[in-house]
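*Asks:* Sharing a structure, written as structure tokens. Questions coming.
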């Protein structure tokens, strides 16, 4: 299966979820190109953006596992086919 570039958006308002999120991201570390986390204190949100280069089933597995965590929302957006390899 060919690899794709995707952006994974993770939102949580539950500070207790960060340990489980970090554990999953560590498990998928070989697929991760970069990560940016932003605390939005005024709204009580933690916003995490993850850039991945991996097969789509692997990206979907991570998004699904994250989305099943209590208080966590995760969605993947894929680069247009043919544009992810320059």
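*Asks:* Quick one: helix 18-27 against the long Cα principal axis of the chain, what's the angle to the nearest 10°, folded into 0 to 90?
*Replies:* The angle comes out at about 20 degrees.
*Asks:* Test of understanding: what is the full-extension gain from residue 79 to residue 2, defined as 0.36 nm times their sequence separation minus their Cα-Cα distance?
*Replies:* Numbers: separation 77, 0.36 × 77 = 27.72 nm, distance 1.30 nm.
Stretched out fully, the residue 79 to residue 2 stretch lengthens by 26.4 nm.
*Asks:* Right, here's the next one. Can you give the log10 of the normalised intensity I(q)/I(0) at q = 0.16, 0.18, 0.24, 0.26 Å⁻¹, computed with Debye over equal Cα scatterers of the chain?
*Replies:* -0.59, -0.73, -1.18, -1.34
*Asks:* Work out how much length residue 23 to residue 41 would gain on full extension: take 0.36 nm times their residue separation and subtract the Cα-Cα distance, in nm to one decimal. Intermediate values should be presented prior to the final figure.
*Replies:* Values: separation 18, 0.36 × 18 = 6.48 nm, distance 2.29 nm.
Using 0.36 nm per residue and subtracting the Cα-Cα distance, I get 4.2 nm.
*Asks:* Here is a follow-up. If you line up the long axis of helix 56-67 against the longest principal axis of the chain, both from Cα atoms, how many degrees apart are they, to the nearest 10?
*Replies:* 10
*Asks:* Moving on. Could you tell me how far the Cα centroid of the range 2-24 sits from the Cα centroid of the range 30-86, in Å?
*Replies:* Each part's Cα centre sits 6 Å from the other's.
Readers should treat all values here as calculations from the given coordinates under stated rules, not as data from a laboratory. Note that this is a predicted model, so its numbers are computed, not measured.
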